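The values are calculated or read from the model by the stated rules, or taken from the named source; none is laboratory data. The structure displayed is predicted, hence computed values, not measured ones. Note that we place each Cβ from the backbone using ideal geometry, even for glycine, and neighbour counts take in every protein chain shown.
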Amino acid sequence: MRTLVWVLLLLPSLFLVVGCGERPVATADSGAKSVKKKRPLAKNIPQPATKIDVPEDLYDSPAAALADVKRWVDSKDSKAGQVLLKTEAWLIRRGDAIVPELTARVEDTSEDLAIRMTACRVLSKMGPVGRPAVLAAIDSSPQQLRVKAIESLGRIKPADKASVDKLIKLLDDKEYDIRKAALLGISATEKAGASATTRLMKLLNDTNEDETIRSLAKVALKKVDPRKGLMGADKEK
């Protein structure tokens, strides 16, 4: 598991990182400003892997590519991140034909976690055809896969109402990491997630809420409803 965490931490450094916005400040009844401790923000991975130059003959089959995922995750090699990005790009370029195989890998609870998470991420970059498997993964286990699926759901373009509604519902989950992932997912839907505006405003204005959750709500609000996002930012100042 430590190896998997190491590689997953390495990958974000190869992409652009989404900013987290300013830190909200809560005002106590006395009028004095107090600042809550803020948990570390998760860094997102927005750079499309499909822009990476990958030879068509890199792998003989999707199965070989996914086997390579496990090999590199376990290797602790400094080149693992770059190789895994190419593997993901190669898989994406196989198109709809490999959706059933990727779906089966995600659904197989006995499959290696790194392979399941990679398959889930690739499916999210294939558009609506990958959505059913990603939605199913959200209700699966373990939690690492659920978090990846939730974040990935918002990146499926175009975002649909069912996906946005699912992400809004997850904002009330009892697990902190699930709520955080839901906010990242909503941010990724951009203006298609406008129906989340009211819920995001409520989170942003709740001074009893966790500060990282409020910060992520602020970022998401600016994405789904830029006008309301600016109003919310001004209100905090």
Can you tell me which residue within the range 221-235, out of those that are of a type outside the set (Gly, Ala, Ser), buried (at least 17 other Cβ atoms within 10 Å of the Cβ) and part of a helix (DSSP H, G or I), is modelled with the lowest pLDDT?
-> Lys228
Just to be sure, is Ala133 surrounded by fewer than 16 Cβ atoms within 10 Å (Cβ to Cβ), hydrophobic (A, V, I, L, M, F, W, C) and assigned by TED's automatic domain parsing to the domain that holds Asp74?
-> no
Is one or more of the residues making up the range 34-56 loosely packed, with under 12 Cβ neighbours inside 10 Å, modelled with pLDDT of 90 or more and not aromatic (Phe, Trp, Tyr)?
-> yes
Please determine, by comparing only the residues of the range 170-216 that are surrounded by fewer than 17 Cβ atoms within 10 Å (Cβ to Cβ) and polar (S, T, N, Q), which one is nearest to Lys228 (Cα to Cα).
-> Thr198
Assess whether Thr198 counts as being among the polar types (S, T, N, Q) and without any contact (Cβ under 8 Å) to a residue 12 or more places away in the chain.
-> yes
Sort out which residues of the range 148-204 are closer than 14 Å to Pro132 by Cα and among the polar types (S, T, N, Q), and write them in order of number.
-> Ser152, Ser163
Just wondering, is there one or more residues in the range 98-113 that are outside any helix (DSSP H, G or I), modelled with pLDDT under 95 and among the charged types (D, E, K, R)?
-> no
Which ones in the range 52-79 are closer than 17 Å to Arg116 by Cα and touching a residue at least 60 places away in the same chain (Cβ under 8 Å)?
-> Trp72, Val73, Asp74
Check on Ser152, exposed (fewer than 14 other Cβ atoms within 10 Å of the Cβ) and in the same structural domain as Leu113 (by TED's automatic domain parsing) | no
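Quick grid of which residues meet (1) farther than 25 Å from Ala114 by Cα; (2) in a helix (DSSP H, G or I); (3) over 13 Å from the mean Cα position of the chain (by Cα); (4) not assigned by TED's automatic domain parsing to the domain that holds Leu113:
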| position | (1), (2), (3), (4) |
| --- | --- |
| Ser141 | no, no, yes, no |
| Arg146 | no, yes, no, no |
| Glu190 | yes, yes, yes, yes |
| Arg199 | yes, yes, yes, yes |
| Ser215 | yes, yes, yes, yes |
| Val219 | yes, yes, yes, yes |
